[in-house]
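To start, the structure under review is shown below, and the notes come after it.
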Amino acid sequence: MIAITGATGQLGRQVIDTLLKSVAAKDIVAAVRSPEKAADLAARGLQVRQADYAQPATLSGAFAGVEKLLLISSSEVGQREAQHQAVIDAARRAGVKLIAYTSLLHADRSPLGLGVEHRATEAALQASGIPFVILRNGWYSENYAASIAPAIAHGVFAGAAGEGRIASAARQDYAEAAAAVLVKEDQAGKIYELAGDSAYTLTEFAAQIAASSGKSVSYQNLSEADFTALLKGAGLPDGLAAMLADSDVGASQQGLFDDSHTLSTLIGRPTTPWQQTVEATIKHS
Ligand SMILES: NC(=O)c1ccc[n+]([C@@H]2O[C@H](COP(=O)([O-])OP(=O)(O)OC[C@H]3O[C@@H](n4cnc5c(N)ncnc54)[C@H](OP(=O)(O)O)[C@@H]3O)[C@@H](O)[C@H]2O)c1
């Protein structure tokens with residue numbers, strides 16, 4: 001049996017859709033914070049079990065009979081070290097044989113602040129004694145989707161990534177990689193550095209928005225402080241604004257770049273071109 005945590009999230013749902021092509025629904029456990037959000041998964045024949053990272057009591061029964069577990073990193077940045085530790089502890093008690101974890105590209109040396117919790121979780125996996133495989137995910141191309149319409153409206157795409165090259169891929173690409181690792185044999189001990197086949201600077205990203213929209217859009221590079229202030233001014237919560245600005249600065253240090261093509265090799269096809277994600281975002285806005 002294979003369990004997916006965060007199964008009602010965007011990545012979790014895409015992993016499940018991919019897994020269902022080769023695994024029977026009854027052999028998949030959707031481990032979710034809120035079972036009421038997973039009625040559709042239950043209707044498709046999956047076992048839905050509550051697994052709230054922040055409530056360890058809910059985790060005890062969630063992984064019974066599970067052989068392989070995909071731990072999708074929590075979206076609650078700042079709480080993740082303890083939350084992931086609770087999942088790992090519950091998995092050990094349940095006798096899980098393999099944990100796959102969605103980490104961050106080059107987590108061991110990433111300049112991004114987000115790397116701290118991922119490094120801690122990788123260390124917790126190492127200490128757990130449970131065999132594990134790490135999916136070090138790069139940026140989703142969709143991360144910029146919400147900034148595209150404002151960029152078209154104002155003619156400016158702002159960031160703090162300088163000339164850093166970003167090798168993003170579509171969320172679906174990462175989902176297929178996770179599903180592949182869950183169905184393949186002999187994955188214990190592997191660390192995958194996952195990123196898109198092609199990379200771009202944010203200057204090139206802005207130029208693509210302009211080309212796809214037919215409007216004039218250029219990139220404006222800001223200091224970390226100014227970009228944080230701009231994001232807060234746009235209504236983002238303080239912590240999220242700081243995290244996004246810090247991530248851009250990490251990108252300026254090539255923290256989101258990789259040219260190993262590990263992701264396309266794992267999924268057996270080229271990664272989704274980032275330009276295609278920009279086009280689709282504009283088309284559907
Ligand atoms: N590589 C990247 O560019 C990138 C970008 C964004 C996020 N991420 C990371 O990758 C993860 C998956 O991405 P995504 O796009 O699927 O994000 P998402 O759509 O926001 O999904 C996050 C999932 O985490 C679950 N979750 C949050 N807190 C939880 C808790 N206390 N207990 C159990 N589950 C909890 C959410 O449950 P609910 O459905 O109940 O809300 C949701 O299912 C994110 O959580 C984040 O760690 C990576």
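For the reader, a short list of remarks on this structure follows.
- Those residues of the range 97-112 which are under 20 Å from Gly250 (Cα atoms) and crowded, with 16+ Cβ neighbours inside 10 Å, in sequence order: Thr102, Ser103, Leu104, Leu105, His106, Ala107, Ser110, Pro111, Leu112
- Residue in the range 36-54 that is over 17 Å from Ser73 (Cβ atoms), surrounded by fewer than 23 Cβ atoms within 10 Å (Cβ to Cβ) and in contact (Cβ under 8 Å) with a residue 60 or more places away in the chain present: no
- Residue in the range 39-48 that is in the same structural domain as Glu117 (by TED's automatic domain parsing), within 9 Å of the ligand (Cβ to nearest atom) and either under 19 Å from the mean Cα position of the chain (by Cα) or of a type outside the set (Gly, Ala, Ser) (or both) present: no
- Residue satisfying condition, being touching a helix residue (DSSP H, G or I) at 6+ places or on another chain (Cβ under 7 Å) and more than 26 Å from Ala25 (Cα to Cα), within set Ala120, Ala64, Ala51: Ala120
- Screening Ser213, Ser252 for residues that are touching a Gly at 6+ places or on another chain (Cβ under 7 Å) and outside the structural domain of Ala100 (by TED's automatic domain parsing) leaves exactly one candidate, Ser252.
- Residues satisfying the stated conditions in the range 264-276, i.e. surrounded by 19 or more Cβ atoms within 10 Å (Cβ to Cβ) and either touching a Gly at 6+ places or on another chain (Cβ under 7 Å) or farther than 28 Å from Asp186 by Cα (or both): Thr271, Trp274
- Pair list, Cβ under 9 Å, 6 or more apart: the range 65-78 residue assigned to a loop (DSSP other than H, G, I, E, B), other residue within 13 Å of the ligand (Cβ to nearest atom) and charged (D, E, K, R): Ser73/Arg80; Ser73/Glu117; Ser74/Arg80; Ser74/Glu117; Val77/Glu117; Gly78/Glu117
The values are calculated or read from the model by the stated rules, or taken from the named source; none is laboratory data. Source: prediction; values computed, not measured. Cβ sites come from the backbone with ideal geometry, for glycine too, and all protein chains shown count toward neighbours.
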